[in-house]
1. Which peptide among C:234-247, B:285-298 comes first, and what is the full order, when sorted by highest mean count of other Cβ atoms within 10 Å?
2. Measure nothing but the geometry: give the 0 to 90° angle between the long axis through the Cα atoms of A:160-173 and the longest principal axis through the Cα atoms of chain A, rounded to 10°.
3. In percent, how large is the relative contact order of the range B:258-333, given Cα pairs closer than 8 Å and 6 or more residues apart?
4. Roughly how big is chain B's charge dipole about its Cα centre, with Cβ charges of +1 (Lys, Arg) and -1 (Asp, Glu), in debye to the nearest 20?
5. Work out, in µm²/s and without decimals, the Stokes-Einstein translational diffusion coefficient of the protein assembly as shown at 25 °C, 0.890 mPa s, Rh from Kirkwood over C-alpha pairs.
6. Over chain B, what relative contact order in percent results from Cα pairs under 8 Å that are six or more residues apart?
7. 5 Å is the cut-off here: which amide hydrogens, built 1.01 Å from N in the peptide plane, fall below it relative to A:G66, excluding neighbours closer than 5 in sequence?
8. Taking the alpha-carbon centroid of each part, what is the distance from the range B:189-231 to the range C:103-155 in angstrom?
Amino acid sequence: MTELVRVRDVSVDFPSPGGTAKVLDRVNLAIGEGEIVGLVGESGCGKTTLARLILGVLPKEAAVRGEALSFAGRNVLGGGAEEARVRGAFPIGFVPQEPRAALSPLFPIGAQAREILRWSLAARRLRGGEARRRIAEMFARVQLPDPHAIMRRYPHEVSGGQLQRVLIAMALLREPRLVVADEPTTALDVTIQAQILTLLRRLAREQRVAVLFTTHDLGAAWEICDRITVMYSGQDAESAAVETFFARPRHPYAGLLLGSMPQPGAGLPRSIAGAVPNLVTPPPGCRFHPRCPRALPACGTQRPPATGSTTQSVRCHNPLPERDAA
Amino acid sequence: MRLLGLIARRLVWVPATLIGLVVLVFVISHLVPSDPARILAGENATTAQVAALRHKMGLDQPLPVQLLRYVIDVARGNMGVSLYTQTPVAGEIWRRLPATMELAFYAMLLAVLLGVPLGVVAALRRNSWFDHVLRVVTVSGLAIAAFWFAILLQLLFSMWLNLTPVQGRISDFGPSGVTGFYTIDAAISGNWSTELDVLRHLALPVITLAFPAMATIVRFTRAGVIGTLGSFFVDYQRAMGVPWRVTVWRYVLRSALTGTLTQIGLVFGNLLAGAVVVEAVFDWPGLGQFAVNSILQSDYNAILGFTIYVGVMFIVVNLLIDVGQVLLDPRGR
Amino acid sequence: MKLLGRIARDRVALAGLIVLAVIVLAAIFAPVLAPYPLDVNTYHTAQRLLPPSAAHWFGTDQMGGDIFSRLLFGARITLITAVIAVAVSVAIGVPIGLVGGYWPGFAGDGLMRVSDVFLAVPQIVLAMAIAATLGPQIQNVILALSLTYWPFWARLVYAETRNAKNEIYVEAAVALGVPPWRVMVLHILPAIAPSLIIRTSIGLGGTILVASALGFLGLGPPPPSPEWGRMIADARAFLPGAWWDAAAPGIAILVLVMAFNLIGDGLRDVLDPKLRGQAAAKGGAVD
Ligand SMILES: Nc1ncnc2c1ncn2[C@@H]1O[C@H](COP(=O)(O)OP(=O)(O)OP(=O)(O)O)[C@@H](O)[C@H]1O
Ligand code: SF4
Ligand SMILES: [Mg+2]
């Protein structure tokens, strides 16, 4: 599988009232061509920040540095104007968490979809009628009933679930090689969540588009992802193929996270003791060490290197044993 | 249909507000007893002549009766006769209306055409030198006395540079035409030297009126754009490859302008208030000058007529703004 | 005092505050500061329309009066007019708005319809009519401005009171049986005070503009009063020659009104957390 996106040891800082918030700390992430990658972690661990880094829409005050941020093998980091180069690399579709906020309330849905199409390389020269047909086709692909009627409506006249389908369609209109879906179903109710996720997976497969899917719901990641990267407090903890991961996570945090998933007949889930660290003065070394039951002295001083294989790589000084060793 | 309901609900109150306005101005103009009949009859009139005139004008009736008769007359479209010019007030207002409207129209046009883009650019370059300079300009625009600014412009452009006439609306007679807007009438008849003359007369009063209006529009547009730039859809469009200028000038501006529109009523009110004084300075033959003259001469019927007229205009403009608001924001429809 | 300290940290507002303080002090000590304190009432025909010089900083007017001295005395008229007129308008408008907003039914709507009548024409038109009927006197100008300005305050307070009534602390007070007037004075009024303070500052500036326009049209205090608007009107006859005669009072108005507006803007930044939040919103929304 060829590599589409590679994030290597990238850090992002934000100025905040109490000092510099070190929101991402030497983070690593890889997305292969056509691969569906789940980025999993608790609220506030930096999923949206990482997603925005890849989309090239971090807020102005964000300070980015690191080894590499590569798109299709080309590193865009260093040398200024990164943002423009990120967005110039290849078309990326964006499916945000709150679909209603992503659209202007003052324009019909069709007009806003047309705007995306107008500026995408794929369809710049389409005529009006042609463009409308293309949009309607895509709306039908995401199973929106009566696409033409929806194009004429305003965002407030359409339900949240349908609006999220609209945004998926708009993302695919760009003919992207990657879709970044940032908690695309968190704002929807459970029955609709499942429909949207299956749809996303099916379309990604059909069009051979890679997906970066962020969520704090391990179950959802299990449903649709090929691979999973677990994050804790701005650091990547473990990255593994889905089956391997769910069979035997190796990072202690990932293990506890999996253990805290609600399971039928298992009573209330266990929660992880301790609190998420603050980001202005995060713990040195492995940020999980104050809460980690397996912590060693080295954990408080050194960031653990990545070990293991490509199917399961883990950053831990004292990881849980591998599957066959168990 | 919401729209019709809105209009209906507003219109219900129009007659009551107007009657209230007539009563108010009637009370104001009778705060101090005076005798228009004596003024009208002239120096040499005998007491009997004055009494006869008073009777003819209904001034010997009790005040409430006079008020009632006036309200009924106005409702029939009769605003009475000016005590000074002896011409019907309604006709006088009608004759002067285009002059004021032409002035207000171009002032508003200039204020919007300058104010909106300047406000957007100031918002995009917040705290740049451009923003700071513009802030000084807008703060001055809201603090300057219109009559003094007018005199300043006359001094500079008319007296020193000799570019524009000091006063008036036109050098000769107005061009004949249906609109009463000299700029349009002259253009229709293809009379370009008149057109130029009209524009030179318009320039200074329009600038005077437009300056504070522009300042208001800049401030609201800037605040609106800054507020909207924080919206998530701005980042979404950026991520999805929509060029920055399209996002700003089509989507952000549209949101910001729905907010600015609510302020247009205020701007229009200030424009009319400004016209009263500015027309006096430029000897502009419009309603403002008419108001000043009739107030200085205690010409009751003229004052009442003018006030009612402005009241109607205000109510209509505010209604139009509410309607525009609903039309601009689909959520309200 | 804490408020003053916070305003002072905003540089623009601080500039406004300093300018205002200087003008107020100059007005109070006009008899001491003015180089020719008698020039308000006496004529020196030999010294008509002299350009600015060391002896007459801003030149002299058509009566030979020292313009600088007359400006200092004119500041008294302007400040007194504006302060009294705004104080009276606030004193009338705020209670009406409170009562109307607290009982928004029949009584409240009635009160608001009355203020709508006043607001249906520009303030200056009504003020002109009143001032003209009563005659050109400073008391009449103040009366005219007060009678036409209170509806603005009534409207403002009405809207804010209606909002405040839905706040939890007000509902709680009502539920506890606190009498209405106490709720209004002790709970609602403090809540809407910030926006009243902001509007007062800007309102003082606006009132100065209207008052000077009345003076300019000959409806202000009669000559030889050094009222700024009248000074400008009188100076018009001597343009373009004696430009300083018209320029000086206009600059005085501009500077004073600007000071009030800047203070108002500064107060807005300090007092209105909603607006401050808006300014900080950019870049804050990450999710
Ligand atoms: N513009 C900013 N300025 C300062 N801090 C920021 C900014 N944006 C994000 N942060 C901080 O960065 C941290 C990570 O935020 P982020 O939104 O990336 O987390 P997340 O994993 O997406 O959380 P959630 O699951 O709640 O969406 C948070 O603690 C947040 O407060
Ligand atoms: S590195 Fe140390 S502290 Fe961090 S997870 Fe592994 S064992 Fe725990
Ligand atoms: Mg997030």
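1. B:285-298, C:234-247
2. Result, in degrees: 80.
3. Relative contact order comes out at 34 percent.
4. Around 1340 debye, computed over chain B.
5. 74 µm²/s
6. 26 percent
7. Amide H to amide H, under 5 Å and 5 or more residues apart or across chains, A:G66 pairs with A:S11.
8. So the separation of the two Cα centres works out to 30 Å.
Bear in mind that the values in this text are calculations on the coordinates, not laboratory data. All figures in this text were calculated on a predicted structure; none of them were measured in a lab. As a convention, Cβ positions derive from the backbone with ideal geometry for all residues, glycine included, and neighbour counts pool all protein chains shown.
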